[in-house]
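The values are calculated or read from the model by the stated rules, or taken from the named source; none is laboratory data. Bear in mind that the values here come from a model prediction, so they are computed numbers and not experimental data. For neighbour counting, all protein chains shown are included, and Cβ atoms are generated from backbone atoms with ideal geometry for every residue, glycine included.
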């Protein structure tokens, strides 16, 4: 048994978890809007139809962080379905839109699939979700801040709430792409004195 494979498993299927979905080989798939919209649509569908609750999220160029749970105790199944569905839709989009990286990305996804029996053609996501159960308010606050500050640290925006593909705007009192359930934390963007 690989000890790394058991360290990040979802054990309490009703609990909120900090999750990370990573694209294989850290391929920057989500530099294009169409691919990010696939994720947003899948999250929205799962929130409306699969009892998924999302408390915070960010879609970066090659990975996604989120805090989520499932009100029906099927978080593992829902995450599996999201990854399976989005993989299929991302491959379809790559096949059907002009993208200078098309051949390279499809070759990388095909190569990664060849190393796993469960993938017949392409593997977009790594198999791990890096699920960490959130057990204290301090830990939740830390993870929400970490999620929302990812685009700032990457140099994409100055303030977390300025990044469109994140729940930071919801925490700042603005309308976001997804109706997340904000956890009660202290939220304030530090602004430079004028």
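The number of residues in the stretch 120-132 that are surrounded by 15 or more Cβ atoms within 10 Å (Cβ to Cβ) and without any contact (Cβ under 8 Å) to a residue 40 or more places away in the chain comes to 1. Restricting the stretch 133-157 to residues that are touching a helix residue (DSSP H, G or I) at 6+ places or on another chain (Cβ under 8 Å) and surrounded by fewer than 19 Cβ atoms within 10 Å (Cβ to Cβ), the residue that is nearest to residue 18 (Cα to Cα) is 149. Among the conditions (1) assigned to a loop (DSSP other than H, G, I, E, B); (2) in contact with a helix residue (DSSP H, G or I) (Cβ under 7 Å, 6 or more places away or on another chain), residue 161 misses just one, which is (1). Among the residues of the stretch 55-76, those identified as modelled with pLDDT of 95 or more and surrounded by fewer than 20 Cβ atoms within 10 Å (Cβ to Cβ) are 61, 62, 63.
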